Structures are given as C-alpha cells and as structure tokens.
1. So for region 154-168 (the condition being farther than 24 Å from Gly82 by Cβ, touching a Lys or Arg at 6+ places or on another chain (Cβ under 7 Å), buried (at least 23 other Cβ atoms within 10 Å of the Cβ) and not assigned by TED's automatic domain parsing to the domain that holds Asn37), does at least one residue qualify?
2. Determine, yes or no, whether Phe129 is out of contact with any Gly (no Cβ under 8 Å at 6 or more places or on another chain), farther than 19 Å from Gly10 by Cα, touching a residue at least 24 places away in the same chain (Cβ under 8 Å) and part of a helix (DSSP H, G or I).
3. Which of the residues belonging to region 49-75 are buried (at least 19 other Cβ atoms within 10 Å of the Cβ) and outside any strand (DSSP E or B)?
4. Is it the case, given these coordinates, that Phe33 is more than 17 Å from Gly194 (Cβ to Cβ), surrounded by 13 or more Cβ atoms within 10 Å (Cβ to Cβ), of a type in the set (A, V, I, L, M, F, W, C) and within 16 Å of the ligand (Cβ to nearest atom)?
5. Out of (1) outside the structural domain of Ser17 (by TED's automatic domain parsing); (2) over 20 Å from Tyr18 (Cβ atoms), the odd one out for Leu150 is which?
6. Mind listing whichever residues of region 36-80 are more than 10 Å from the ligand (Cβ to nearest atom), more than 17 Å from Asp4 (Cβ to Cβ) and touching a strand residue (DSSP E or B) at 6+ places or on another chain (Cβ under 7 Å)?
Amino acid sequence: MSDDRITLYGSFTSSSSYKPMLYLALSGLPFSFRTVNLKNGVQKQPEYLAINRYGQVPALRHRGLTVVQSNVVLDYLARTTGHFAGATEQEQWTAREWLSWEADNITNVAKVRHYSRFRAVDPAVMDYFRPLAEAAIGFVDRSLEGRDWLVGSGPTIADIGCWGRMVFMAEGGLDITRWPNVLAWSERLKAMPGFALPYDLIPKKDTEFNPA
Ligand SMILES: N[C@@H](CCC(=O)N[C@@H](CS)C(=O)NCC(=O)O)C(=O)O
C-alpha cells in the first residue's frame, strides 16, 4: 500500500474516531480504515501501543508519520490536504483555538454519554459532569448566534471537531433541541455531501474507502 495513502485506526463507538472519519468523508478523500476493538482491549495491546502510546483511538498514519489525538489529527489533515482549514491565517488559528477549547470542555459531553452508555457511576459523578456538559453545549450555542459556522463563513475543523465530540449527546440524555443554534448547525453539517452519523460511517471491520 502506498505511503501516501492515509490509514486511520478507530472504533465505531468512539466520538474521537468519528472526528477524523467525518473529516475524511466530507473531504471525499481515499483512506484505509483499521478497526480497533475497544471492548476486547486491543487498544492496550503492544502492537497498538506502538502506534498510539496512550492506548486510545484514533491514530492516523500517513507518509511515514504517525499522528494521534483527534484534534491534532484534524489539524494535520487540514494542513496536509487543505480541506476545512479556514480561509485566512487568523481563521486557521481560531479553528485550532476551538479544538483546544473543545478538548477541555466538550469532552464533558463525551463523559456524560460514556457513563450513561458504558459504565454506571455514582449519581454524584453525573451531577458533577452533566452541568459542565450543558455549559459547553450552551457556549457553542451562544457562539453560533447569528452565524452559520464557528469560524469564518464556511465549515472548518472547528465545526468538525466540536460536533464530532458532541455527536452522541442524546445517548447521554442531552436533548439537542434545548440548544436551537446547535440544532440548526447540526442540520447544516448533515446537509453537507459525504456527511453521515457515526454508526453509519464508521465500519466494524477493516475497510478501504475509495470515493469516485
Ligand atoms: N484526547 C483523545 C481522547 C481519545 C479517547 O478518549 N478515545 C477513547 C474512545 S472515544 C478510547 O480510545 N477509549 C479506550 C480506552 O481509553 O481504553 C483524543 O481526542 O484522541
């Protein structure tokens, strides 16, 4: 397989994997998908730890490079392929700024969903994380007031990264209709060619994506 072909390692239940998957789907780029079975602990086995020292998905390999952490992967893809990078240098920095903020804040949405779906926790834990998740979604909602996208006048990695991490919010009991600007923004994303939701987009087995 050519060194120039992108290989993405991920899992179909993972919002972090969804972010680069969605990027690649919206960009119409060819790539190879390698599934990492989180349930079986494949992410903690030596072969995968050699790719991602943190024992998590996603990971991306391209041109002899290994890139991990979903937001760094988005930044890498934007810099390498030019898609969704932002129209100006200021927009490119602002998009990266959103990704950094996302990792601190929207991650609480992923935690609420994780504890609802995969691991029962003491209700006090949920009482701590749920308001943080709601505050993060609320911040995105206010930021989208009067605008279509988080940065500039078109979609960027900021939108893909923030949306990608909150995509499973309903599984955490967070109803998107409470945040009308976020709902409208998600509809704009869904209208983009190539868009799909995680369970429709991320395969459960190794797959080659070769868009026409
Ligand atoms: N900060 C990381 C978070 C990655 C992450 O939490 N991945 C989860 C799935 S969404 C995972 O691999 N969990 C399995 C584990 O930690 O063992 C990123 O954005 O890539």
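1. Yes - at least one qualifying residue is present in region 154-168.
2. Answer is no for this residue.
3. Asn52, Gln56, Val57, Pro58, Ser70, Asn71, Val73, Leu74, Asp75 - these are the residues of region 49-75 that are buried (at least 19 other Cβ atoms within 10 Å of the Cβ) and outside any strand (DSSP E or B).
4. Against the criterion (more than 17 Å from Gly194 (Cβ to Cβ), surrounded by 13 or more Cβ atoms within 10 Å (Cβ to Cβ), of a type in the set (A, V, I, L, M, F, W, C) and within 16 Å of the ligand (Cβ to nearest atom)), Phe33 does not qualify.
5. Single failed check for Leu150: (2).
6. Matches in region 36-80: Ile51 only.
The values are calculated or read from the model by the stated rules, or taken from the named source; none is laboratory data. Since the model is a prediction, treat every value here as computed from it, not as a measurement. Here the Cβ is made from the backbone with ideal geometry for all residues, glycine too, and neighbour counts use every protein chain on show.
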